[in-house]
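Asks: One structure, as structure tokens, below. Some questions next.
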């Protein structure tokens, strides 16, 4: 089942300026839940971009949406665009400062650093702790 709706978002302007777009997204979801009689609503990326286009304080006054119902799920996208499932980007490991520096300096710096570690490790002999003599005042004198 496929329907086209013009969803009014003027109620979002009743909220504080820094809460308008999140409230507008909730308005879109509730509107589609009630009119399409659905359990869940998924918003498309183009629709999300349209809502956030003018920042958090100025959502559009109305949005034209194409809603497609598949089972109990409604997939909504901005009119004129096809819905594409949102996929999260894979997480990348962050490098610490030393790794970044070594990457920038290149293999010569890494080789030099490993040589310095070898020199430092070979020059130092493990120091042994000397036994500490305890001297108690007043005993044995």
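FYI, it's all coordinate maths here, none of it is from the lab. No experiment lies behind these values; they were computed from the predicted model shown. Methodologically, a virtual Cβ is constructed for each residue, glycine included, from the backbone with ideal geometry; neighbour enumeration extends over all protein chains shown.
Asks: At R0 = 25 Å, how high is the FRET efficiency between residue 85 and residue 52 if r is their beta carbon distance? Nearest 0.05 is fine.
Replies: Step by step, r from the Cβ atoms, then E = 0.85.
Asks: Here's something else I'd like to know. Place the peptides 36-47, 97-108, 9-20 in order of packing, highest mean first, counting for every residue the other Cβ atoms within 10 Å and averaging per peptide. The partial results should precede the final answer.
Replies: Values: 36-47: 16.9, 97-108: 9.9, 9-20: 13.8.
Listed from highest to lowest mean packing, they are 36-47, 9-20, 97-108.
Asks: With a bin width of 5 angstrom, please list the P(r) values of the chain as percents of all Cα-Cα pairs, from the 0 bin to the one holding the largest distance.
Replies: 2, 8, 12, 11, 9, 6, 4, 4, 4, 5, 5, 5, 5, 5, 4, 3, 3, 2, 1, 1, 0
Asks: Highest mean first, what order results for 84-94, 22-32 on Cβ atoms within 10 Å?
Replies: Output ranking for 84-94, 22-32: 22-32, 84-94.
Asks: What spacing in nm lies between the two simple spin-label points modelled at residue 26 and residue 105, each 7 Å away from Cα in the Cβ direction?
Replies: 5.3
Asks: Could I ask something else about it? Helix-only estimate, please: 222 nm mean residue ellipticity of the chain, summing -39500 (n - 2.57) across DSSP H runs of length 4 or more and dividing by its residues, to the nearest 500.
Replies: -11500 deg cm²/dmol
Asks: Evaluate the relative contact order of the chain (contact order divided by residue number), counting alpha-carbon pairs under 8 angstrom at least 6 apart; express in whole percent.
Replies: Values: 156 pairs, mean separation 32.8, N = 141.
Here the relative contact order equals 23 percent.
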